[in-house]
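Each reported figure results from applying straightforward, stated rules to the coordinates on display, with no laboratory input. Everything numeric in this text was worked out from a predicted model, so none of it was measured. Counting neighbours? That spans all protein chains shown, and the Cβs are built from the backbone with ideal geometry, glycine included.
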């Protein structure tokens with residue numbers, strides 16, 4: 001065992017456990033096209049996502065069209081489409097399933113903290129990882145700030161009380177690392193997601209891993 005064994009590992013979802021970018025991009029483009037706005041190439045979407053759907057839609061709209069009413073209308077169209085297509089092309093990243101099984105086998109609890117709206121987060125986790133006994137799946141809910149606000153971490157710790165020094169937060173973006181910092185828990189950035197290693201480094205990630213099995217060692221599950 002290379003690391004001190006953690007008791008709870010909190011994962012980001014999009015870009016960390018699941019490659020969701022094509023389904024997210026197609027849903028956003030559907031909402032844009034339906035409302036008469038130009039769409040974006042799917043390769044642009046890794047830079048748009050990370051702060052929840054409302055922020056995503058603000059980013060993809062023309063700068064002079066980012067009014068609350070317009071964003072709200074696009075959000076309805078996005079969710080209507082995404083709810084029917086959220087598993088069309090989405091898949092777990094290579095090695096994720098083995099990693100989750102190894103961590104669970106070591107007796108370490110796991111949770112999800114995502115800015116994806118709660119209903120979609122719950123469906124994706126149930127669809128792709130039904131064999132994991134999740135301590136919590138915490139998605140975006142009305143009236144609760146999104147990451148990097150640490151409220152989502154505190155929600156999880158309320159459902160699964162754990163000393164903060166026994167917690168590891170894992171994500172692919174500076175948003176996730178900043179969330180961990182604000183919650184006063186250790187952080188690991190993953191290099192296979194939507195954002196760059198430079199972003200993770202700039203956010204002062206405690207660890208950066210290039211493959212899921214490396215995380216198994218860091219959390220002390222090997």
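What to note about this one:
- Taking every C-alpha pair closer than 8 Å and separated by at least 6 residues, the mean separation divided by the residue count of the chain gives a relative contact order of 29 percent.
- Within the chain, helix-based [θ] at 222 nm, where runs of 4 or more DSSP H residues each add -39,500 (n - 2.57), nearest 500: -12500 deg cm²/dmol
- Here 151, 187, 80 are placed in order of increasing Cβ neighbour count within 10 Å, fewest first, which gives 80, 151, 187.
- Full-stretch length increase - residue 41, residue 87 - with 0.36 nm per residue and alpha-carbon distance subtracted: 14.6 nm
- Cα centroid of the range 1-45 to Cα centroid of the range 71-139, whole Å: 10 Å
- Cα radius of gyration and Dmax for the range 29-151 (Å): 16.3, 52
- As a size descriptor, the averaged projected area of the C-alpha convex hull of the range 101-160 was calculated at 4.2 nm².
- Estimated at 0.36 nm per residue, the fully extended path between residue 217 and residue 106 surpasses their Cα-Cα distance by 38.9 nm.
- Restricting attention to the chain, close to 10% of DSSP beta bridges with both partner residues there are antiparallel.
- A simple spin-label model places the labels of residue 98 and residue 63 4.7 nm from each other, with each point 7 Å out along Cα-to-Cβ.
- Cα gyration tensor category, rounded, prolate or oblate, for the range 130-222 with a/c compared to 1.5: oblate
- One compactness figure for the range 82-182 is 1.08, namely its Cα radius of gyration divided by 2.2 N^0.38 Å.
- Neighbour counts of other Cβ atoms within 10 Å put 57, 42 in the fewest-to-most order 42, 57.
- The convex hull of the Cα atoms of the chain, projected and averaged over all directions, covers 11.4 nm².
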